[in-house]
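S.K.: This is the structure, below, for whatever I ask next.
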Amino acid sequence: MRISIVGTGYVGLVSGVCLASVGHDVICIDKREDIVNKINSSVSPIYEPKLEEMLNVVIKEKKLSASADISWAMKNSEITIIAVGTPYKDGAIDLSYIKECAREIGVELAAKNEYHVICVKSTVVPGTTDTVVRAVIEEASNKKAGSFGLAMNPEFLREGCAVDDFILPDRIVIGAYDERSFEAMASLYEIFDAPIIKTNLRTAEMIKYTSNAFLANLISFANDISNICESIGGIDAMDVFSGLILDKRIAVSVEGKTIYPGLTQYLKPGCGFGGSCFPKDVKALMSHSINHFYYPKTLDAILSINELQPKKMIEKLEGLIGEIRGKKIAVLGVAFKPDTDDIREASAIKIIKILLEKGAKVFACDPKALANTAKEIENEMLFLSEDYRDALSDAEGALLVTSWQSFMDIKPSEFIQLMKTPAVVDGRRVYDRKVMLEAGLQYTGIGIKYQ
Ligand code: UGA
């Protein structure tokens, strides 16, 4: 099929490249000429594993091209996917990019005689496609939905493994205005081996928010339990979760082997979730719900627990080394999770800001996210390095914030050799407590309180 995709962020570009790689003809649309040129030269404007290699192939095979010209792109496609950003601003989701894009699509639609489907892939609060997007397109095109198709098809891509998540989806949710819109979208995904959930537009939107709120809830639940364990003392929250997840309604035994479902990865004490999705989506669903006169108590708790966790890292560091002022502190990891350069809402950014306020000399280290960090925080007491050895050398405390493999591989002896005071706070529980303590390190982490 011939597809155009508006927006070349990680959702739009990953979707475009993956749809082209399974045989569709894709045009990626972006207003920024520099981004269009990069894509046409097989350079990915974002870092995402496997993406650039695949982009290279689909550009060579002429299955994908980029353009700033939405008019041309719509004339040469039968489905247009909206994948522009929906930031959270002033207490609500900001739909300005969506509206602008819907208006431009509507204008082009007016001049098109053939049937065309518009599909919203951006995360939008329930009711948006059905009301705002439909109304803007209908007004700009002077056509009624039905004469054009309308669908909502949320994405479930995790940064860092977005390509695999797209190619091997667990489910494909298609919210459709009518049967014809659904059929067109179902043909687009025919080649994928996954169940298709056929539903209405607002249910599709709600499935997306519920999925993210559920995962964020697991993290905050784990952190809440972990904070209770710390208050009581003498309980390692990791041991508690190891006990919990063996419940046969969670883990399953297959041929004598215990298989843990993916969601158990979220049941782990830590310094909090970040990224472009969980914080924004939980906040947006919460304010949308309040606008509909229901106060969502669980969502409120998810967010307030998440605010606590970065602060706990600082308290724990002070517990180990006392006063922070004037000391060199290493922050291992800035990206909101490994395998990405994304620092949006990252716990590390909150932690670095507190450390700087407290007068520390902060050495932050990350394999991919330093350029973004430099743009986010300008401070003469913040030093950036890709090599963890620079960060640890002569440091009087280290905070593990992002579980990059290179940090997980650091041996206790290396911490001891490099650091002035080998004191480590583990925000992702990646090190073995016993091994660290036996090696002579001062070690603690989220979910641990023994004295
Ligand atoms: C998330 C969802 O997992 C995707 O299904 C969804 O499509 C995507 O949002 C989206 O809405 O676009 P992503 O934000 O890439 O994907 O990252 P996750 O791997 O789910 O991690 C989110 C955050 O939770 C990270 O900050 C991670 O460090 C944190 N996390 C994860 C924890 O704090 N504790 C854990 O145990 C696991």
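Rule-based calculations on the coordinates, nothing more; no lab input. The shown structure was predicted, so the numbers you read here are calculated from the model rather than taken from an experiment. Using ideal geometry, Cβ is built from the backbone for each residue, glycine included, and neighbour counts are taken over all protein chains shown.
S.K.: Can you work out ³J(HN,Hα) from phi for every residue in the stretch 202-213, in order, using Karplus 6.51 cos²θ - 1.76 cosθ + 1.60 and θ = phi - 60°, giving whole Hz and x for Gly and Pro?
M.R.: 6, 5, 4, 4, 5, 4, 4, 5, 5, 4, 5, 5
S.K.: Across the stretch 400-409, in residue order, what do the Karplus-derived ³J(HN,Hα) couplings come to in whole Hz, using 6.51 cos²θ - 1.76 cosθ + 1.60 with θ = phi - 60° and x for Gly and Pro?
M.R.: 8, 10, 10, 8, 5, 4, 4, 7, 5, 7
S.K.: Same structure, new question: Set the Förster distance to 35 Å, then compute FRET efficiency between Ala68 and Ser147 from the Cβ-Cβ distance, nearest 0.05. The partial results should precede the final answer.
M.R.: Numbers: r = 27 Å, r/R0 = 0.78.
It comes out at approximately 0.80.
S.K.: For n ≥ 4 DSSP H runs only, could you compute -39500 (n - 2.57) per run for the chain, divide by its residues and tell me the 222 nm figure to the nearest 500? Don't skip to the answer; put the middle values down first.
M.R.: On the way: 18 runs with 194 residues, N = 451.
Roughly -13000 deg cm²/dmol at 222 nm, from the helical runs in the chain.
S.K.: Among Ser385, Ser77, which comes first, second and so on when ranked by fewest other beta-carbon atoms within 10 Å? Please list the in-between numbers first.
M.R.: Working: Ser385 16, Ser77 21.
The order, fewest Cβ neighbours first, is Ser385, Ser77.
S.K.: Next up: What shape does the stretch 398-451 take by its C-alpha gyration tensor, where a ≥ b ≥ c are the square roots of the eigenvalues and a/c under 1.5 counts as rounded, a/b above b/c as prolate, and the rest as oblate? Walk me through the intermediate numbers first.
M.R.: Working: a/c = 1.56, a/b = 1.04, b/c = 1.49.
Oblate.
S.K.: Distance from a point 7 Å along Cα→Cβ of Phe192 to each backbone N in the stretch 61-95: keep the residues under 20 Å and list them by number.
M.R.: Under 20 Å, as judged by backbone N against the label point of Phe192, lie 63-65, 78-86 of the stretch 61-95.
S.K.: If you keep only loop residues by DSSP, which trypsin sites (Lys or Arg not before Pro) in the stretch 247-306 have at most 12 other Cβ atoms within 10 Å of their Cβ?
M.R.: Details: sites: Lys248, Arg249, Lys257, Lys280, Lys283, Lys297; in loops: Lys248, Arg249.
Sites meeting the loop and neighbour criteria: Lys248, Arg249.
S.K.: In whole Å and largest first, what semi-axes does the C-alpha gyration tensor of the chain yield when each eigenvalue is scaled by 5 and square-rooted?
M.R.: 43, 24, 21
S.K.: Okay, next question. In the stretch 100-159, which trypsin sites (Lys or Arg not before Pro) fall in coil by DSSP and have 10 or fewer other Cβ atoms within 10 Å?
M.R.: Values: sites: Arg103, Lys112, Lys121, Arg134, Lys143, Lys144, Arg158; in loops: Lys112, Lys121, Lys143, Lys144, Arg158.
Hits after loop and neighbour filter: Lys144.
S.K.: With everything on Cα atoms, drop me the angle between helix 51-60 and the longest principal axis of the chain, reported from 0 to 90° to the nearest 10.
M.R.: Orientation of helix 51-60: about 30 degrees from the principal axis.
S.K.: Under the rule that an exposed site lies in a DSSP loop and has at most 16 other Cβ atoms within 10 Å, name the longest stretch of the chain with no GluC sites (Glu not before Pro) of that kind, not counting the sites themselves.
M.R.: 115-189
S.K.: Quick one: which residues, 5 or more positions from Phe383 or on another chain, have an amide H under 5 Å from its amide H? H modelled 1.01 Å from N in the peptide plane, none for Pro or chain starts.
M.R.: Val362, Phe363, Ala364
S.K.: Relative contact order of the stretch 10-72, please, whole-number percent, based on alpha carbon pairs below 8 angstrom and at least 6 residues apart. Please list the in-between numbers first.
M.R.: Working: 81 pairs, mean separation 27.3, N = 63.
Value for the stretch 10-72: 43 percent.
S.K.: A further question on this structure: Looking at the chain, what % of its DSSP beta bridges pair antiparallel, to the nearest 5?
M.R.: 15 percent
S.K.: Which one, Tyr295, Ile324, Ile314, is farthest towards the positive end of the dipole of the stretch 269-330 when Lys and Arg carry +1 and Asp and Glu -1 on their Cβ?
M.R.: Farthest towards the positive end: Ile324.
S.K.: Could you pull the Cα extents of the stretch 57-172 along its three principal axes, largest to smallest, in whole Å?
M.R.: On the principal axes, the stretch 57-172 reaches 42, 41, 26 Å in Cα extent.
S.K.: Please list the non-local residues whose amide H lies under 5 Å from the amide H of Leu150, H modeled 1.01 Å from N, same-chain partners needing a gap of 5 or more.
M.R.: Residues meeting the amide H criterion: Ile118, Tyr177, Asp178, Ser181.
S.K.: Output wanted: per-residue J couplings in Hz (rounded whole) for the stretch 338-348, from phi through Karplus 6.51 cos²θ - 1.76 cosθ + 1.60, θ = phi - 60°, x for Gly and Pro.
M.R.: x, 6, 8, 9, 7, 10, 4, 6, 5, 4, 4
S.K.: I'd like the per residue volume of the convex hull spanned by the Cα atoms of the stretch 166-290, given in cubic angstrom.
M.R.: That works out to 154 Å³ per residue.
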